[in-house]
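Everything below concerns the one structure shown next.
The values are calculated or read from the model by the stated rules, or taken from the named source; none is laboratory data. The structure presented is a predicted model; accordingly, all values stated were derived computationally and were not measured. Neighbour counts are summed over all protein chains in view; Cβ atoms, including those assigned to glycine, are modelled from backbone coordinates with ideal geometry. Note: accessible area is taken over every heavy atom of the protein model, side chains too, but ligands, DNA and RNA are not part of it. Shrake-Rupley method; radii C 1.70, N 1.55, O 1.52, S 1.80 Å.
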Amino acid sequence: MTTIANESITVTALGNGIGAQIDGIHLREPVPPEAGMQIMAAWMQHKVLRFRGQQGMSTQQLVNFSKLFGELDRAPTPANKTGKPYLAEFPQVTAISNIVVDGQPIGGLGSYEAEWHTDMSYNEMTPSASILYAIEVPPSGGDTWFCDMYAAYDKLPADLKTRIAGLTCVHDASRNSAGMLRKGWKEVTDPRETIGAHHPLVRTHPLTRRKALFLGRRLNAYIPGLTLDDSEALLDALWQHAVRPEATWVQQWKVGDVLIWDNRCTLHRRDAFDASTRRLMHRTQIAGDRPY
Ligand code: OGA
Ligand code: MN
């Protein structure tokens, strides 16, 4: 564990090459340019940053902080059937929550497990980052796990590296991160017919210029040009290699935690939790680019 003091802010590595905590800054106030640069550098190095003790941040303050990392992306389709944004004044902010009001879930993902994924990679333009702000956390469960996809690429056996160079993968748009079929989508029965964006299996991070394995999610993924059996076997090998426990870091939430992760070089998953307890996160996402 390393702690680097940078005038007022400190960066403490939390995991095995992924995850760090930033202390000494209140996100309710505008972040001074110097601190903003330190945060950006720490984020590029550690891929996931945690800011603790940020209770009482307003939605406007969360939006202001989020803009430090780029333009806000549109929010995913609302989970409820009204089609209205979670907060009328903040269409870029969504809730990740199991709370139900008047028979309608106020946010996405319920209390289920969310399998390993990177956010919204079924789109041509994929968000560079997602930010969660913990407002209510359940007494247990609901931990969020992260996996380092630079390490996944760097440590790939040479023969696999050679095999996947130049290959793309189809990222299924039909299901959400909890594996639920999206409204209006048909069940995929043959991954060769999966609908969604095609992205390179190896992408270059636009800021660090490092290569990362870019897998999206496993369900219904397909590598065009391969037989279905070959695609399944290759994807299974890549996934097994990528999400080894030693390459992961787990976030155990406290109220007031703000977490930002880089969707270009990490995967995440979430543990299920007791549906009779409450979990409420506010979420923003930062617009990114077309993976290359
Ligand atoms: C997300 C997500 C996990 C969590 O917001 O994209 O996967 O811990 N959330 O709620
Ligand atoms: Mn997600």
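Checked against the criterion of being in contact with a Pro (Cβ under 7 Å, 6 or more places away or on another chain), surrounded by 22 or more Cβ atoms within 10 Å (Cβ to Cβ) and farther than 28 Å from PRO85 by Cα, the stretch 118-141 contains not a single residue that satisfies it. Looking at (1) more than 13 Å from ligand 1 (Cβ to nearest atom); (2) open to solvent by 10 Å² or more (accessible area, probe 1.4 Å); (3) more than 19 Å from GLN252 (Cα to Cα); (4) not small (Gly, Ala, Ser), can you tell me which one GLN21 breaks? Among (1) more than 13 Å from ligand 1 (Cβ to nearest atom); (2) open to solvent by 10 Å² or more (accessible area, probe 1.4 Å); (3) more than 19 Å from GLN252 (Cα to Cα); (4) not small (Gly, Ala, Ser), GLN21 violates only (3).
Residue pairs whose Cβ atoms lie under 6 Å apart, sitting 6 or more positions apart in sequence or on different chains, and linking a residue in the stretch 259-277 that is in contact (Cβ under 8 Å) with a residue 60 or more places away in the chain to a partner that is aromatic (Phe, Trp, Tyr) and open to solvent by 10 Å² or more (accessible area, probe 1.4 Å), are LEU267/TRP116; ARG269/TRP116; ARG269/TRP145; ALA272/TYR112. Screening MET120 against (1) within 12 Å of ligand 2 (Cβ to nearest atom); (2) touching a Gly at 6+ places or on another chain (Cβ under 8 Å); (3) in a loop (DSSP other than H, G, I, E, B) leaves a single unmet condition, (2). A Cβ distance below 8 Å, combined with a sequence gap of six or more or placement on separate chains, defines the contacts here; from the stretch 92-107, residues that are surrounded by 15 or more Cβ atoms within 10 Å (Cβ to Cβ) reach residues that are of a type in the set (Phe, Trp, Tyr) in the pairs VAL93/TYR86; THR94/TYR86; ALA95/TYR86; ASN98/PHE273; ILE106/TYR86; GLY107/TYR86.
Going by the conditions given, is VAL100 within 14 Å of ligand 1 (Cβ to nearest atom) and over 24 Å from VAL11 (Cβ atoms)? Answer is no for this residue.
Those strands (runs of 3 or more DSSP E) of the stretch 207-282 in which 2 or more residues are closer than 23 Å to GLN55 by Cα occupy 248-251, 258-262. Note on the stretch 224-235: among residues that are within 16 Å of ASP172 (Cα to Cα) and not hydroxyl-bearing (Ser, Thr, Tyr), the one that is farthest from the chain's Cα centre (by Cα) is LEU228.
Look at (1) at pLDDT 95 or above; (2) crowded, with 16+ Cβ neighbours inside 10 Å; (3) under 27 Å from ALA178 (Cα atoms) and you find that ALA13 fails only one, number (3).
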